[in-house]
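Asks: I'd like to ask you about the structure that follows.
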Amino acid sequence: MATINVNPKPTYASTNKHVWCPGCGDYGVFAGITKAITDLGLDRSKVAIVSGIGCSSAMPHAFSTYGIHSLHGRLVPVATGLKLANDELTVIGTGGDGDGYGIGVGHLVHAARRNIDMTYVVMNNEIYGLTTGQASPTSFIGAKTKSTPFGSIETPENPLAVAISSGATYVARAFSGEPAHMADMIKNGIQHKGFSIIDVFSPCVTFNNFNTYDWYRSRVYKLEGTGHDASNKIKALEKAIETDTNAWEKVPIGLFYKEDRPTYSSLDMTEKNGPLVKQPMPTKDVVKEIMEEYR
Amino acid sequence: MKNVSIRIAGANGDGVESSGALIMKVASKSGLHVFGYRGYQSIIRGGHVWYQVRLGDEKLYSHGKDIDILIALNQESIKYQKSHLGKNAIVIYDPSKVNTDEIEGKGFRLVKIPLLDIAIKVSGDPIMRNVAAIGATLKFVGIDLEVFKGVVKDMWLRKGEKVVKDNIDIATTAYNYEGVSTVFGINGDGKQRYTMDGNTAFSIGTFAGGCKFYSAYPMTPASGILHWYAAHQNKGVLFKQTEDELAAMNMAVGASVGGVRAMCGTSGGGFSLMVEGLGFAGMVEAPVVVVDSQRTGPSTGLPTKTEQADLLFVMHASQGEFPRIVVAPRSVEECLAIGAEVFNLAERYQCPVLVLLDLYLSERIESIDGFNVDPVTIDRGKLVTSNTTGERFKRYEITEDGISPRGIPGNPGTEFIAPSDEHNEYGDLISDSLSGIDEYVELRRQMHAKRMRKIETMLKNEKIFVPEISDPSAEYFLVTFGSTTEPVEEAAKILSERGMKVGVISFNYIMPMDSDKTRSMLQGKKLIDVECNYTAQLAQVIKTNTGIEIKNRILRYDGEAVTGDDLAESAEEVIKNFKG
């Protein structure tokens, strides 16, 4: 089949109206993903954006590529299935902290250790936005939300440390207030062969009046130029837990960890022969041969 | 028909299952029909396990209620199996291990053979005592030892001449042992049949039907499918063991949207976790196949025992409404045929197909004549591989038959979003800022009706949604579905031989049901519902669809697999007291 694009100059944006509140960090992420795939010149028919449920999970509808808007917490297995079906697709996961670090965190661990070749952008706003403001797995101790009116008493999850120790091969953090840097993180993540996760601080201007743009702006610093060695897993973990030990005084963004390790599809004995979707159905002779094993 | 039921009983780790498998292999080679069923426990070593092998000169439909030959490998085998011994049963045992006092003088033929001694003298390996027991069993059945020799050569020559010779010497010694003689004299027709269990048959069937992707988390009794696909990854299928059933289901949906024929499988507990993903498949119209091999519930239940109590669950699983097909294959042979067809249905109607197996079908071994793969076709339905119109692709186009064109990611021009939210014809959301606005209230109505219309389309286009009737002139009809069908057919045959006119009405495809045709088949007949659950779930479904209430019922929920002779007894009782 010819792969002539219907639209020779791809515009990746859809005509859908955006659903995010004015000022939402997710606009920045939309711009960041758009810049990344534009810079890479990807054919929009070869891109699939897969989301879960939540404000950030509306992301696929902002694009004119393929996409799946799946279930809360299930974007990672859905994206995994899609990628395993067609290794030629660029699969980008887009979800939030509740989706990916709460209800779906189990899948994160396994996609990371399998090194599924996908890029997972998590819009982390430390709150449940679409359900109107309850505590999320990354909400800080003391955070006053609708579900923690007297202040959260739970230690927040550290997604970067989880990702690094689970075997993710590209682990980065970005901030919606630093769009060019974020686009680079996403672009490098897409280019990386393996499981890439980019945790993006994407402020919720409606329900989180603590972790605001200004709050982050005064704290973030870029790892690039600090001499951080992203190939050193121990150093990467140290950087990942820095905020746990310095009470979020200083917050590193940038590339924490990168490792070259064979992707799942490059090791799977079936996928090695090319994308599953392009492989032929079994011949009748193969079926007959198999039947003979049972005679 | 001549037949014999042989039960090998012992502890886990005694080689009970491999002994049963060997007997079946030899019997099958000699042209006999076989039926095997394993009674086991959720324990790896020890406990009490048995394997029942029934051999016959005609097709067998269950493993048989009463034991004709018991191989008692330990004392518990006498204690727990004595109540299952048939009249004149033969009990093979080793006096150094087993004491038969409790069954003396009851008309059983107690055959004392120093199994362990024979095994150790020849091979030095105590586990080879099973081979001695098999040797004696073959003599009682009347199978030529030459067939055994051939099978052993095929199986063990790769382990060396000595292994083969030891096997043959041990079996021969027991075959010719004092007190061992041919009792049953069942002769095979020499035809080489295929023997396999339901999980294997369903795996081969779906493989032939183009299944390219199988995702699963291990769970008895569905694990056989997992093992089969794992072992056949070198045949162009991708098997993925997942972290849980949530992932198994959602990966299958992802792969299905990606354009490959994708399936996931589990038992009821795992299916509980799959339910949300099933609804997702319904909403995005992903053609996935989902297998629930049922075991005794609720909850963890009896993991190694059977039941048919998930029927209503799979029919109604998930919030909201969407079209689905529910099918329960009725035999090992039908697992092959239905396996080869389910993906055509899933892709033709772009909906989930739910396959109901159960432990009794998944793990029963039957000999079958074969699988005619030549007529198997692949119908991918309204699959569209390109769009050069320049117009935006309507993945969820509202059509008269409810089925929309289906694009595949990677192909140019058919870009769309598959959303779990309600959506328009392109896959754009109408759930957020648009819901409740008049135009979109109407659109929601139309989109939902579009999906649901597929049910009418499938009922119109397919002939499969009616039960099968065996003998329309019979006086009574046993009504059943899935794995219980074959034992029910055997029961009907037994009753007919006793002079009663009993037929069978059996369902494989249960949902959707062609209500009119089913009603006219059932109407005015004396019906007896037979199924393995407490609440007569099939009878409930029949009543909902046809208005016909089946008041006479045989319901089993003890976890044990039903047999023809056992059901015949119950049916005779029900007929005697038939409620009009």
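Asks: Could you give the size of the charge dipole of the range B:3-175 about its Cα centre, using +1 on the Cβ of each K and R and -1 on the Cβ of each D and E, expressed in debye and rounded to the nearest 20?
Replies: Working: 24 positive and 19 negative charges, 43 e Å.
Dipole of the range B:3-175, to the nearest 20 debye: 200 debye.
Asks: Still on this structure, I have one more. Please list, in chain and number order, the residues 5+ apart from B:G47 or on another chain whose amide H is under 5 Å from its amide H, with Hs placed from the backbone.
Replies: B:N12
Asks: What is the distance, in nm, between label points placed 7 Å from the Cα along the Cα-to-Cβ direction at B:S496 and at B:N187?
Replies: Between B:S496 and B:N187, the simple spin-label model gives 2.6 nm.
Asks: Stokes-Einstein at 10 °C, 1.306 mPa s, Kirkwood radius from Cα pairs: D for the range B:418-536 in µm² s⁻¹? Display every interim value, and only then the final one.
Replies: Working: Rh = 17.6 Å.
Stokes-Einstein gives a translational diffusion coefficient of 90 µm²/s.
Asks: Determine the principal axes of the Cα atoms in the range B:468-576, then give the extent along each, sorted from largest to smallest and rounded to whole angstroms.
Replies: 33, 33, 22
Asks: Ratio of the range B:195-368's C-alpha Rg to 2.2 N^0.38 Å, to two decimals? The partial results should precede the final answer.
Replies: Numbers: Rg = 14.1 Å, N = 174, 2.2 N^0.38 = 15.6 Å.
With N residues counted in the range B:195-368, Rg over 2.2 N^0.38 Å equals 0.90.
Asks: Here is a further query. With a 1.4 Å probe on protein heavy atoms only, work out how much accessible surface A and B bury together, total over both chains, in Å² to the nearest 100.
Replies: On the way: alone 14430 and 23260 Å², together 32310 Å².
Approximately 5400 Å², summed over both chains.
Asks: Return one quarter of the surface area of the convex hull spanned by the alpha-carbon atoms of chain A, equal to its mean projected area, in nm². Display every interim value, and only then the final one.
Replies: Details: hull surface 73.0 nm².
That works out to 18.2 nm², a quarter of the Cα hull's surface.
Asks: Would you work out what percent of the accessible area of the range B:3-175, with all protein chains in place, is carbon or sulfur (probe 1.4 Å)? It would help to have the intermediate numbers written out before the result.
Replies: Values: 3420 of 6760 Å².
Roughly 51 percent, rounded to a whole number.
Asks: What are the ³J(HN,Hα) couplings of the range B:534-544, residue after residue, when phi is run through the Karplus curve with 6.51, -1.76, 1.60 and θ = phi - 60°? Round to Hz, x for glycine and proline.
Replies: 7, 9, 6, 5, 5, 4, 4, 5, 4, 5, 4
Asks: Heavy atoms only, probe 1.4 angstrom, no DNA, RNA or ligands counted: give me B:K517, B:K526 ranked by accessible area, highest first.
Replies: The most accessible residue leads, giving B:K517, B:K526.
Asks: Just in the range A:139-246: which chymotrypsin sites (Phe, Trp or Tyr not before Pro) are loop by DSSP and have at most 12 other Cβ atoms within 10 Å? Each step should come with its number before you reach the end.
Replies: Working: sites: A:F140, A:F150, A:Y170, A:F175, A:F195, A:F201, A:F207, A:F210, A:Y213, A:W215, A:Y216, A:Y221; in loops: A:F140, A:F150, A:F195, A:F207, A:F210.
In loop regions of the range A:139-246 (DSSP not H, G, I, E or B), the sparsely surrounded chymotrypsin sites (Phe, Trp or Tyr not before Pro) are A:F150.
Asks: Cβ under 9 Å from B:W50's Cβ, B:W50 left aside: what net charge do those residues give with Lys, Arg +1 and Asp, Glu -1?
Replies: Details: positive: B:R7, B:R38; negative: none.
It works out to a net charge of +2.
Asks: To the nearest Å, what is the center-to-center distance of the range B:458-512 and the range A:232-295, using C-alpha atoms only?
Replies: A separation of 49 Å, based on Cα centres.
Asks: Binning at 10 angstrom from zero up to the longest distance, how are the C-alpha pair distances of the range B:288-440 distributed in percent?
Replies: Result, from short to long distances: 9, 27, 28, 21, 12, 2, 0 percent.
Asks: Given a 1.4 Å probe and the protein chains all in place, what does the accessible area of B:K551 round to, in Å² to the nearest 10?
Replies: Here the residue's solvent-accessible area equals roughly 110 Å².
Asks: When you look at the Cβ of every residue in B:420-433, what mean number of other chain Cβ atoms sits within 10 Å?
Replies: 4
Asks: Once label points are set 7 Å from the Cα along Cα→Cβ at both B:K2 and B:Q233, what is their separation, rounded to one decimal in nm?
Replies: 4.8
Asks: I need the phi-derived Karplus couplings for the range B:180-197: 6.51 cos²θ - 1.76 cosθ + 1.60, θ = phi - 60°, integer Hz, Gly and Pro marked x.
Replies: Per residue, the Karplus-derived 3J(HN,Hα) values read 9, 8, 6, 10, 8, x, 8, 9, x, 8, x, 6, 8, 9, 9, 10, 6, 8 Hz.
Asks: Also, quick follow-up: List the residues, sorted by chain then number, that are 5 or more residues from B:V479 or on another chain and whose placed amide H is less than 5 Å from its amide H.
Replies: Counting only residues 5 or more places away or on other chains, the set is B:I505, B:I528, B:D529, B:V530.
Asks: Count, for each residue of B:232-242, the Cβ atoms from other chains sitting within 10 Å of its Cβ, then give me the mean as a whole number.
Replies: On the way: counts 4, 4, 2, 6, 10, 4, 10, 3, 7, 0, 5.
Taking all residues of B:232-242 together, the mean is 5.
Asks: Shape of the range B:382-462 from its Cα gyration tensor (a ≥ b ≥ c, root eigenvalues): rounded if a/c is under 1.5, otherwise prolate when a/b > b/c, or oblate?
Replies: oblate
Asks: Counting only other chains, what is the mean number of Cβ atoms within 10 angstrom of the Cβ of each residue in peptide B:314-324?
Replies: What the average comes to for B:314-324 is 0.
Asks: Related question: Which percentage, to the nearest 5, of the DSSP beta bridges contained in the range B:3-175 is antiparallel? Spell out each step's value before the answer.
Replies: On the way: 16 of 29 bridges.
So the antiparallel bridges in the range B:3-175 amount to around 55 percent.
Asks: I would also like to ask the following. Within the set A:K258/B:K212; B:K305/B:K576; B:K212/B:K305; A:K35/A:K83, which residue pairs have Cα atoms separated by over 25 Å?
Replies: Values: A:K258/B:K212 32 Å; B:K305/B:K576 30 Å; B:K212/B:K305 30 Å; A:K35/A:K83 22 Å.
Exceeds cut-off: A:K258/B:K212; B:K305/B:K576; B:K212/B:K305.
Asks: Here's a follow-up. Treating the beta-carbon of each Lys and Arg as +1 and of each Asp and Glu as -1, no other charges, what is the dipole magnitude of the protein assembly as shown about its Cα centre, to the nearest 20 debye?
Replies: On the way: 92 positive and 104 negative charges, 138 e Å.
In total the dipole reaches around 660 debye.
Asks: Just the number: Rg to Rh for the range B:129-197, Cα atoms, Kirkwood Rh, two decimals. Walk me through the numbers before you get to the answer.
Replies: Details: Rg = 12.8 Å, Rh = 12.8 Å.
Ratio of gyration radius to Kirkwood radius for the range B:129-197: 1.00.
Asks: Something else about it: Could you give the C-alpha radius of gyration of the range A:90-215 expressed as a fraction of 2.2 N^0.38 Å, taking N as the number of residues it contains?
Replies: Working: Rg = 14.4 Å, N = 126, 2.2 N^0.38 = 13.8 Å.
So the range A:90-215 has a normalised radius of gyration of 1.04.
Asks: Continuing with the same structure: Dividing the alpha-carbon Rg of chain B by 2.2 N^0.38 Å yields what? Before the final figure, lay out the partial values.
Replies: Details: Rg = 26.4 Å, N = 580, 2.2 N^0.38 = 24.7 Å.
Expressed relative to 2.2 N^0.38 Å, the Cα Rg reads 1.07.
Asks: Output ³J(HN,Hα) for the range B:344-357: one whole-Hz value per residue in order, computed from phi by the Karplus curve 6.51 cos²θ - 1.76 cosθ + 1.60 with θ = phi - 60°, and x for Gly and Pro.
Replies: Running phi through 6.51 cos²θ - 1.76 cosθ + 1.60 with θ = phi - 60° gives 5, 5, 4, 7, 5, 10, 6, 8, x, 10, 9, 10, 9, 9 Hz.
Asks: A further question on this structure: What's the Kirkwood radius of the range B:1-104 in Å, using all Cα pairs? All intermediate terms of the calculation are to be shown ahead of the outcome.
Replies: On the way: mean 1/r = 0.0721 Å⁻¹.
Mean inverse Cα-Cα distance, inverted, gives 13.9 Å.
Asks: Something else: Using only Cα atoms, locate the centre of the range B:548-580 and the centre of the range A:86-159, then give the distance between them in Å, rounded to an integer.
Replies: Cα centroid to Cα centroid, the span is 54 Å.
Asks: With no solvent and one point on each alpha carbon, what is the Debye value of log10 I(q)/I(0) for the range B:171-246 at q = 0.14, 0.22 Å⁻¹?
Replies: Computed log10 I(q)/I(0) values: -0.62, -1.00.
Asks: Before I look further, what does chain B give for accessible area per residue, probe 1.4 Å, in whole square angstrom? Walk me through the numbers on the way to the answer.
Replies: Numbers: 20680 Å² over 580 residues.
I get 36 Å² per residue for this part.
Asks: Could you list log10 I(q)/I(0) for the range B:3-175 at q = 0.11 Å⁻¹, which the Debye formula gives when each Cα is one point scatterer?
Replies: Ignoring solvent entirely, the Cα scatterers give -0.41.
Asks: Further, regarding this structure: Students often get this wrong, so check it: of B:K59/B:K191; B:K463/B:K543; A:K193/B:K235, which have C-alpha atoms separated by over 19 Å?
Replies: Numbers: B:K59/B:K191 12 Å; B:K463/B:K543 21 Å; A:K193/B:K235 26 Å.
The pairs that break the limit, which is 19 Å between Cα atoms, are B:K463/B:K543; A:K193/B:K235.
Asks: Return the Rg/Rh value of the range B:299-379, two decimal places, where both radii are evaluated on C-alpha atoms and Rh is the Kirkwood radius.
Replies: Details: Rg = 14.7 Å, Rh = 14.6 Å.
That ratio is 1.01, to two decimals.
Asks: Restricting to the protein assembly as shown, compute how many DSSP beta bridges are antiparallel as a %, nearest 5. Write down the numbers at each step before the final one.
Replies: Working: 34 of 116 bridges.
Once the DSSP bridges in the protein assembly as shown are tallied, antiparallel ones form about 30 percent.
Asks: Further question: Please list, in chain and number order, the residues 5+ apart from B:F239 or on another chain whose amide H is under 5 Å from its amide H, with Hs placed from the backbone.
Replies: Correct list: B:Y214.
Asks: Where the eigenvalues come from the Cα gyration tensor of the protein assembly as shown, what are the semi-axes √(5λ) of the equivalent ellipsoid, largest first, in whole Å?
Replies: Values: eigenvalues 638, 207, 117 Å².
Listed largest to smallest, the semi-axes of the protein assembly as shown are 56, 32, 24 Å.
Asks: Given DSSP loops and a limit of at most 10 other Cβ atoms within 10 Å, what is the longest stretch of chain B that contains no such GluC sites (Glu not before Pro)?
Replies: B:179-390
Asks: In whole angstrom, how far apart do the alpha carbon centroids of the range A:170-204 and the range B:263-334 sit?
Replies: Distance between centres, Cα-based: 39 Å.
Asks: Of the beta bridges DSSP finds with both residues in chain B, what % are antiparallel, to the nearest 5?
Replies: On the way: 28 of 78 bridges.
Bridges in chain B that DSSP calls antiparallel: roughly 35 percent.
The values are calculated or read from the model by the stated rules, or taken from the named source; none is laboratory data. Given the structure is predicted, the values throughout are model-derived calculations rather than measurements. Don't worry about glycine lacking a Cβ; one is built from the backbone with ideal geometry, like all the others, and counts go over all protein chains shown. With ligands, DNA and RNA removed, areas are computed over all heavy atoms of the protein, side chains included. Shrake-Rupley method; radii C 1.70, N 1.55, O 1.52, S 1.80 Å.
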